[in-house]
């Protein structure tokens, strides 16, 4: 294996940094809401754990399906930024709806629109990161964006905890305050991001089966492995419910996301940078092993300390896998159809997440929390075995 010289974080393009801070702001906003939403749904609006699983699964599947079309459109028109702006703008507009929601129907509508916005921005944003980044820095760039995104994912719950403590568990006040960082994210896109010119040669003319067939076998292997792993990585809403099930009070439930995302943010960039030097496959294998361990700890947890240990392991697994899977898509997909490739990848992962969340909710309701995480460990073991036989790492 050829040695790759270490590169400073300052070598990563400014546009990637800007996209990372956009993600940080929007995730701060989103997690202020999502870190409380499962408990808000069950304790305030009176829905079941199965309903939470269905709502979360449908929301994530909506985002995944939309990503296929937004990614293909960005390839077709040769522009990523307008779709990124539209997606983040739509998500920002949904935030007040959560604060106003009197019934679960309002929440479903807001979650649907929010995830539609995520779907519109996700594939073009990832393709834009790849367009801006030299190949030797691809893992580091995706790891950095993921780390900044995840800083927002623990900043949001921390703010939610503080506001809940100061405002006597006022869920709706937290939801109103979440609109502020969302609007700042939109302004940063408008004034802080300039995309490179995408050459017309070899660009996809439209979304078609012929374009999809341009993807190499290595890309489809990445998609298949990601789907298997996603069956084990159901909605993080079940981590919140797990903490509540062992006695964590509602105002402190967002601590689950704080713990998870501190570990996630701290590990994503170092792992991504390391994968540029050592390869992706071995690190992914280790990440799958960590998820099996996390599921085992969460299945057997009987107190808050054990749940938090499992949550920390879950965050480490995310840091060791999510950025690497995105980098592998960029490694294996032709540049001319990169947006479509990210869309297909996210569609497959989103459909798997829908199935996983419904299964998780059913197991939780029918058998109990332990069964949900035991099933997750079993699915992860299958994904790990599949990865053991894969030899498509381009590094």
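Quick note: the coordinates plus some simple rules give every number you see, no bench work behind them. On a predicted model such as this, the values are computed, not experimentally measured, just so you know. Positions of Cβ are generated from backbone atoms using ideal geometry, with glycine treated the same way; all protein chains shown enter the neighbour counts.
The Cα atoms of segment 224-312 cover 44, 24, 18 Å along the three principal axes, with the biggest extent listed first.
The alpha carbons of segment 1-145 stretch over 57, 32, 27 Å along the principal axes, in descending order. Residues 365, 103, 150, 66, ranked from the fewest to the most other C-beta atoms within 10 Å, line up as 103, 365, 66, 150. When Rg and Dmax of the Cα atoms in Å is calculated directly from the model, which label among [x] 21.4, 78; [y] 19.7, 59; [z] 21.5, 69 fits? For Rg and Dmax of the Cα atoms in Å, the calculated option is [y].
Report the residues of segment 167-193 in range of a label on residue 77: point 7 Å along Cα→C-beta, backbone N strictly under 11 Å from it. Those under the cut-off are none; the list is empty. Of all the options 326, 251, 377, the one that moves most in a Gaussian network model of the chain with Cα springs shorter than 10 angstrom is 251.
If the chain linking residue 194 and residue 252 were pulled fully straight, counting 0.36 nm for each residue of separation and taking away their Cα-Cα distance, it would gain 16.9 nm.
Helix-derived [θ] at 222 nm for the chain: sum -39500 (n - 2.57) over DSSP H runs of at least 4, divide by residue count, nearest 500?
Values: 15 runs with 300 residues, N = 395.
-26000 deg cm²/dmol, from helical runs alone.
For 125, 242, the sequence from fewest to most other C-beta atoms within 10 Å is 242, 125. Shown for 262, 367, 225: other C-beta atoms within 10 Å of each C-beta, ranked fewest to most, produce the order 367, 262, 225. Distance between the modelled labels on residue 172 and residue 97, one decimal in nanometres: 1.8 nm (7 Å Cα→Cβ projection). In angstrom, the C-alpha Rg and Dmax of segment 62-116 are 13.2, 42.
Note on residue 302 and residue 388: the extension gain reaches 27.6 nm, defined as 0.36 nm multiplied by sequence separation minus the Cα-Cα distance. How many angstrom lie between the Cα centre of segment 35-84 and the Cα centre of segment 142-173? So the two Cα centres are separated by 19 Å.
The length gained by stretching the chain between residue 10 and residue 365 to full extension, at 0.36 nm per residue less their Cα-Cα distance, is 122.9 nm.
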